[in-house]
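I have placed the structure first, in the form of structure tokens, so that the comments after it can refer back to it.
Bear in mind that the values in this text are calculations on the coordinates, not laboratory data. All of these numbers come straight from a predicted model, not from anything done at the bench. Methodologically, a virtual Cβ is constructed for each residue, glycine included, from the backbone with ideal geometry; neighbour enumeration extends over all protein chains shown.
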Amino acid sequence: MTEQSVEKHSFQAEVAQLLHLVTHSLYSNPEIFLRELISNASDACDKLRFEGINHPEFYESDPELRVRVSLNKDNNTLTISDNGIGLSQQEAIDNLGTIAKSGTKDFMSKLTGDQKSDAQLIGQFGVGFYSGFIVADKITVESRRAGTASHEGVRWISAGTGEFEVEQIDKASRGTDIILHLREDALDYLETYKVKQIINRYSDHISLPIQMQKEVWQTEEVAEGEEPKGGQMVKTDEWEAINSASALWTRSKNDVTEEQYVEFYKNLSHDFEAPLAWSHNRVEGSTEYTQLLYIPGKAAADLFTREAKAGIKLYVKRVFIMDDADNLIPNYLRFVQGVVDSADLPLNVSRELLQESRDVKTIREGNARRILTMLDGLAKSEDEKDQEKFKQFYQEFGAVIKEGLGEDVGNRDRILKLLRYATSNNDEISTSLADYKSRMKEGQKAIYYVTAESLSAAKNSPQLELFKKKGIEVLLMADRVDEWSMNFVHEFDGTALQNVSKGAVDLGDLQDAEEKKALEAAAEQFKPVVEKLSDSLKDKTKEVRVTTRLVDSPACLVTSEGELSPQLIRMLQQAGQAIPESKPILEINPEHPLVQKLENSAQFDDLANVIFDQAVIAEGGLPENPAEYVKRINSLLLK
Ligand code: ADP
Ligand code: MG
């Protein structure tokens, strides 16, 4: 064996910063250190179960996975031992000296630099392994990775300041012992009843046994014939499980309390707020699985980025298989957190295999339906609390589920029912399509909507002028995804949906014969102007025509039915996509003085271009050549 030597290492700067916070801040909820360390022990056992599928030798004739918590009053230590996967020396250096992962990293990103609020945040978050330093002034970790020789163990020691030490040790049993040398003010964590209580509170749902030494009452020895005077609790060599040790989702709904569901969610998602709602079911039939799905209260910061991960953990017959199983939930429901435990998939299932599996497809559809049903229930509920929850859900995730209109044809109608909009009559985002329908005017044939880059742009869009004049309500759509997703929606409950900036406006019976005649007359009268305009703007527009949809504005842009709108084109271009060229239609308002001025204008070309560019601006766009636009305006102003 090689000579044993102690190596000193420094913590990564972020870890040092975190440790400083942990150890120097007032701590509101110190007991969560136990939850964090037990959760790590449980993760380590999950990892062994997983690697053990292909490497049964990793079990080293000790197949019963468990976590043990022992208390030692002689040297003031609390030790958490697991017989999970363990750490190699390099892993100890990497994983305990840097912040690489999930929970802790997430926490770091939320730090504000303000001691007080950050300290509170630690209390809620837990911050993983380092939370041990809340109660310990020194932590010793002794570990050996499953499947390695007994002399390849590692001891890691740190006082939670700038550095840690690592040395090689002999360790007979695989797995990890975390030995906390408790601070003076944390010695009550040596009391069995207290520790038991905490474990029951936070870790009851952990699926493997958490054991403590059994204690018995021992009376003092007395001489024969005398009455015993007293006694004390003493620890025996026997270990007993103190949690119920059944994976929470495998229990029957009736046996799980609301608090346990919430605690399980927090552990699963690293969220410190309670979820909005959840659904727990055992699904039977051709594909058997258990689903426990949660709707979070807040959207994750990366929800709209490519890095956004699905929040479903996959288990097969209670063996943990993978995080972020994105095949188990459609992309537009990626905010959902939860667990799926399949009875049918093979244990060695890979991501590739998941993609092709029919069972997986069934599970994904089942999950989607369950979530949509749950949301529908909240939306319909008379209960004020549920309505509040739905509102919060919609605020956080409304834009995401709209993606489902394109992605999930089978559930399109269910999704449409969940959508809420502001309208030209109501700024609050609360009108459903059914509400809109119930308020439609007599003779109104379609549900009208407008899409824009912001609510105020939508509300003030020139396209709405005629609708406002006639008192017809129009839905305002201002999420980026609306323009795209509405391409997939043509009707709701038998009523057509009509984008007011697409095609010609046909208000059907809402427009009387006189108005139609007036339009025809204006079209006739303006024919020469329209022709001249078409010529002047032929590089910019596909067509110029007279309209009645405008009241106050001289002109607006519209798109032919079935073509990309200027707004969508801008969006796609910003995303770096090459878009086939498509030109808008310019509609002019024959009643507008500026348009009337065109007829005899000596500066026809300037005026035409300015009218066009203004229509672009009114849509939230920029003139193609802003400098030229300014020049033309100025020239007109000076005349
Ligand atoms: P997280 O659990 O979110 O990854 P932690 O700070 O809790 O973050 O743990 C950091 C890392 O340390 C873990 O990802 C794991 O690699 C390692 N680790 C911690 N505890 C154990 C353990 N008991 N057995 C094996 N590895 C562990
Ligand atoms: Mg952890």
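Could you work out how much longer the chain between residue 309 and residue 441 gets when fully extended? Use 0.36 nm per residue separation minus the Cα distance between them, nm to one decimal.
Gain in length upon complete extension: 43.1 nm.
The range 373-412 to the range 146-213: how many Å between their Cα centroids?
Cα centroid of the range 373-412 versus Cα centroid of the range 146-213: 43 Å apart.
Does anything in the range 80-101 have its amide N under 11 Å from the 7 Å Cα→Cβ label point of residue 10, and if so which residues?
none
Please sort 240-251, 378-389 by packing, taking for each peptide the average over its residues of neighbouring beta carbons within 10 angstrom, highest first.
240-251, 378-389
Given an 8 Å cut-off on Cα distances and at least 6 residues of separation, report the relative contact order of the chain as a percent.
8
Say the dipole of the chain comes from +1 at the beta carbon of Lys and Arg and -1 at that of Asp and Glu; which of 400, 232, 622 then lies farthest toward its positive end?
Checking the options against the dipole of the chain, the answer is 622.
With the contact rule set at Cα under 8 Å and sequence spacing of 6 or more, what percent relative contact order holds for the range 248-389?
Relative contact order comes out at 21 percent.
Counting pairs on different chains as well as pairs 8 or more places apart, how many Lys pairs in the range 499-541 have Cα atoms under 23 Å apart?
Lysine pair count for the range 499-541: 10.
Report the charge-dipole magnitude of the range 420-509 in Debye, nearest 20, computed about the Cα centre from +1 at each Lys and Arg Cβ and -1 at each Asp and Glu Cβ.
Charge dipole of the range 420-509: 200 debye, to the nearest 20.
Which one of 347, 265, 379 is farthest out on the positive end of the charge dipole of the range 248-389, using unit charges on Cβ (Lys, Arg +1; Asp, Glu -1) and the Cα centre as origin?
347
Starting from a Cα-only point model with no solvent, please compute log10 I(q)/I(0) by Debye for the range 420-509 at q = 0.15, 0.20 1/Å.
-0.49, -0.94
I need the per residue convex hull volume for the range 512-638, using only the alpha carbons, in cubic angstrom as a whole number.
117
Convert each backbone phi in the range 29-40 into a coupling constant with the Karplus relation 6.51 cos²θ - 1.76 cosθ + 1.60 (shift: θ = phi - 60°), then list the ³J(HN,Hα) values in order as whole Hz, x for Gly and Pro.
Values, residue by residue: 9, x, 5, 5, 4, 5, 4, 5, 6, 5, 5, 5 Hz.
Report P(r) for the chain: all Cα-Cα distances, bin width 20 Å, range 0 to the bin holding the largest distance, values in whole percent.
Whole-percent P(r) values from 0 Å outward: 16, 36, 26, 16, 5, 1, 0.
Normalising by the residue count of the range 489-639, find the relative contact order in percent from Cα pairs under 8 Å and 6+ residues apart.
Computed over the range 489-639, the figure is 23 percent.
Take the Cα atoms of the range 527-572, find their three principal axes, and give me the spread along each one in whole Å, biggest first.
Principal-axis extents of the range 527-572 (Cα, largest first): 36, 26, 17 Å.
Extending each Cα 7 Å along its Cβ direction at residue 138 and residue 573, get the distance between those two points in nm, one decimal.
6.7
Near the amide H of residue 425, under 5 Å away, which other amide H atoms are found, from residues 5 or more places off or on another chain, if H is placed in the peptide plane?
Excluding prolines and chain starts, which carry no amide H, the hits are 474.
In what sequence, highest mean first, do 572-583, 220-231 appear when ranked by Cβ atoms within 10 angstrom?
572-583, 220-231
May I have the pair-distance distribution P(r) for the range 247-396, computed from all Cα-Cα distances with 10 Å bins from 0 and rounded to whole percent?
In order of increasing distance, the bins hold 11, 42, 36, 11, 1 percent.
Going by amide H atoms built from the backbone, whose H comes under 5 Å of the H on residue 138, apart from near neighbours?
Close amide H contacts, sequence-distant or interchain: 181.
With each pseudo-label sitting 7 Å past Cα toward Cβ, what's the residue 251-residue 581 distance in nm, one decimal?
Reported label-point gap for residue 251 and residue 581 is 6.7 nm.
Could you tally the net charge around residue 66, taking each other residue with its Cβ under 12 Å from the Cβ of residue 66, Lys/Arg +1 and Asp/Glu -1?
-3
Between 602, 128, 13, whose Cα lies farthest towards the positive end of the dipole of the chain when Lys and Arg beta carbons carry +1 and Asp and Glu beta carbons carry -1, centred on the Cα centre?
Toward the positive end, the furthest listed residue is 602.
What distance in nm lies between label points placed 7 Å from Cα along the C-beta direction at residue 382 and residue 636?
5.9
Counting only pairs 8 or more places apart or on different chains, how many lysine pairs in the range 248-389 have C-alpha atoms closer than 20 Å?
Final tally of qualifying lysine pairs is 15.
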